[in-house]
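Each remark here refers to the structure printed beneath this line.
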Protein chains: 2
Amino acid sequence: MISVLEKDKIKYSALQEKAGIPAPEIFSPSVVKTIQKFRRIQPSSEELVNGILSGSITALSRAITLIESTNPDHLAKANEVIKACLPHANKSVRVGITGVPGVGKSTFIEAFGKYLTGMGKKVAVLAVDPSSTISHGSILGDKTRMEELVKDKNAYIRPSASGETLGGVARKTRESISLCEACGFDTIIIETVGVGQSETAVHSMVDFFLLLKISGAGDELQGIKRGIMEMADAIVINKADGDNIRKAKLAKSEFNRALHLFPAKKSGWTPTTSTCSAINQDGIPEVWATIEKFLELTKTNDYFYTKRSEQNEYWLMETINEQIKLRFYNHPTIQSLLDSTKKAVQNDEISPFAAAQLLLKEYFK
Amino acid sequence: MISVLEKDKIKYSALQEKAGIPAPEIFSPSVVKTIQKFRRIQPSSEELVNGILSGSITALSRAITLIESTNPDHLAKANEVIKACLPHANKSVRVGITGVPGVGKSTFIEAFGKYLTGMGKKVAVLAVDPSSTISHGSILGDKTRMEELVKDKNAYIRPSASGETLGGVARKTRESISLCEACGFDTIIIETVGVGQSETAVHSMVDFFLLLKISGAGDELQGIKRGIMEMADAIVINKADGDNIRKAKLAKSEFNRALHLFPAKKSGWTPTTSTCSAINQDGIPEVWATIEKFLELTKTNDYFYTKRSEQNEYWLMETINEQIKLRFYNHPTIQSLLDSTKKAVQNDEISPFAAAQLLLKEYFK
């Protein structure tokens, strides 16, 4: 609390400023009106589809905005666009990239993306970050972190969709992938940060899953989230530069050892480890070479195709399961009973199974 | 296909047998009737509760049979019994034991159980084996594998309940635990074999989770199912006897190293590794000492109690989620549409999300 005396001091201090005059409008009101009018003209779904299929980034962005909308009309239109684009999608490689903040994901994606566009590829970068609703975009929030890639006409970067549930964010990203593919992007990079179940979601929408790490002090493997290492098709240790090279190589062999502890993958692929320095563009071609080897193997043994088909089914079931749960738990009767039921169950007043039956009976009556 | 000529050969072959005479009844019909009549006299739920609370194994067994029944009247009665027993349950330690076939689970449980009853404890052994419906009880199917423990009046062994779903088997086992506890059993051992999600189910109903292993040729860690090692509070390498001792000790240090790769547990407990020879009763007291240390730690830091309460809530939610899914997928309209929808989704004719919306619309209309 500031005392009255201190307040007076501030009031009459030399630091005190007089009220200024109102600032002039930055934009001319007529210009604003023109822009608003232009924005209001929504292209038809046919126009969007034609635009996307002819490679128009504007059409792609507008269609993704529809996907992300909560307006039912927008969603209906989005569904039309997706349906028309689906036969043209699917021709790509989808790479998931995860790693905790600080491993240099943005720098890596920038270097990796530039390397790919340099080879004539078209690269789309999307993100799954359910936390972005709260943190307002902790990843890919501002594109300035991928300065070079943003300017690249063969790259398209889209920040994470926001949404209340991971399921919602995942749906939006998953459908955006299809549109990017229909728009001619052949390499889709999905970035995620280790929040809750987001890695599992990303793992279920990509062909290849890459875990980015850095070497740290002490035990390299401490602090890895459950299950993430088992999902990885490759572990890449970034920031292998300067004094760090030796440590990074050590980390590589530690991870390599750890990877061998896990059971063989259904893909037939043995996960790899490598080092890189995204900032120096070292080790980037090797990552792509690994992915190409993976594609060769899994396209030969058909795993690539069966996995994509399984992933489609997975999202069908996931969406259904999420929706029927939401319906149940949002039901007024259930909402009024759930807390007291949970308490009774926690205190062993009723068995969890008997309690579940009571709630189900209420819901279905 | 067998040709006519060959058929003739069989017909007139020396191997051909004449039809025999009907075999006599093994049991006298009057004895069967008496047994059936006796079985038909069902004790009331009060009688069962009183029996259980006074330590009657007959009452306990009958009540568990009600839990396992598919008859709605039996289930209603079972619910009454469970409800009355719940305030008397919960005073025990619940130990989950898993390991692939061949590690000597039965021998271990026999040795461990005998050690505990020798200390004056009352030990109940239950199992979660959803596969037993198909394999007719691959574990605990016949009690003869625990010869000594079966004869022990302070031990109670119950084979795995059967059921079509893991959820069903889990419910039955979970509720049987409560009855065993109300009956005065202070140590509950839940056995499971690595089938599908059964370990996760068992992990969600015990305080302490023990992974039984043996040393094998080559890399000790190959072939461990995803996530199991991360669940373990202790890894015990069995069959550490004779020529095997050195190999078992080696395996122990391999596992110890591997366990340190995982993130710290919420319980604050650092998983342990040890060797034992169940057949020679070596290393068994050490296992119990480990569990006692675990209990001391987790009862001091309250994890023991919060986990049990969380487990109750988990089973409440799990049961609800399983039931609402079953309702959905068993709905005639959904059943008639699901296969074609799945196919359309797999072939990229429709997005999984749009397809889910269509099915949900049909279901909720």
Completion exercise
For A:L166, the lone unmet condition from (1) within 30 Å of B:E349 (Cα to Cα); (2) out of contact with any Leu (no Cβ under 9 Å at 6 or more places or on another chain); (3) modelled with pLDDT of 90 or more is (3)
Completion exercise
Quick count over the stretch A:313-330, residues being facing chain B (nearest Cβ under 7 Å), without any contact (Cβ under 8 Å) to a residue 40 or more places away in the chain and hydrophobic (A, V, I, L, M, F, W, C), is 4
Problem - Test: residue in the stretch B:70-83 that is closer than 22 Å to B:A232 by Cα and within 14 Å of another protein chain (Cβ to nearest Cβ) - result: no
Problem - Unique match (being under 30 Å from A:A76 (Cβ atoms) and open to solvent by 20 Å² or more (accessible area, probe 1.4 Å)) among B:E318, B:E362, B:E313 - result: B:E362
Fill in the blank from the handout: When A:T300 is run through (1) within 30 Å of A:A111 (Cβ to Cβ); (2) open to solvent by 30 Å² or more (accessible area, probe 1.4 Å); (3) touching a residue at least 12 places away in the same chain (Cβ under 8 Å), the failure sits at (3)
Completion exercise
Residues in the stretch A:286-321 that are closer than 21 Å to A:F112 by Cβ and among the hydrophobic types (A, V, I, L, M, F, W, C) total 8
Exercise for the section: Please work out if A:G196 is open to solvent by 10 Å² or more (accessible area, probe 1.4 Å), at pLDDT below 80, within 13 Å of chain B (Cβ to nearest Cβ) and part of a loop (DSSP other than H, G, I, E, B). Expected result: no
Practice task
Look through the stretch A:339-348, keep the residues that are out of contact with any Leu (no Cβ under 7 Å at 6 or more places or on another chain) and at the interface with chain B (Cβ under 9 Å from one of its Cβ atoms), and return whichever of them is surrounded by the most Cβ atoms within 10 Å (Cβ to Cβ).
Solution key: A:Q346
Exercise for the section: Enumerate the helices (runs of 4 or more DSSP H) found wholly within the stretch B:105-155, keeping only those where 3 or more residues are modelled with pLDDT of 65 or more. Expected result: B:105-118, B:147-151
Fill in the blank from the handout: How many residues of the stretch A:87-115 are within 14 Å of another protein chain (Cβ to nearest Cβ) and open to solvent by 10 Å² or more (accessible area, probe 1.4 Å)? The answer is 7
Practice task
Return a yes/no flag: does the stretch A:348-360 have any residue that is among the acidic types (D, E), farther than 18 Å from B:F364 by Cβ and not in a helix (DSSP H, G or I).
Solution key: yes
Problem - Flag for B:L212 being buried (at least 23 other Cβ atoms within 10 Å of the Cβ) and assigned to a helix (DSSP H, G or I) - result: no
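The values are calculated or read from the model by the stated rules, or taken from the named source; none is laboratory data. Remember, predicted model here, so these are calculated numbers, not experimental data. As a convention, Cβ positions derive from the backbone with ideal geometry for all residues, glycine included, and neighbour counts pool all protein chains shown. These area figures cover heavy atoms from the full protein model, side chains too; ligands, DNA and RNA do not enter into them. Shrake-Rupley method; radii C 1.70, N 1.55, O 1.52, S 1.80 Å.
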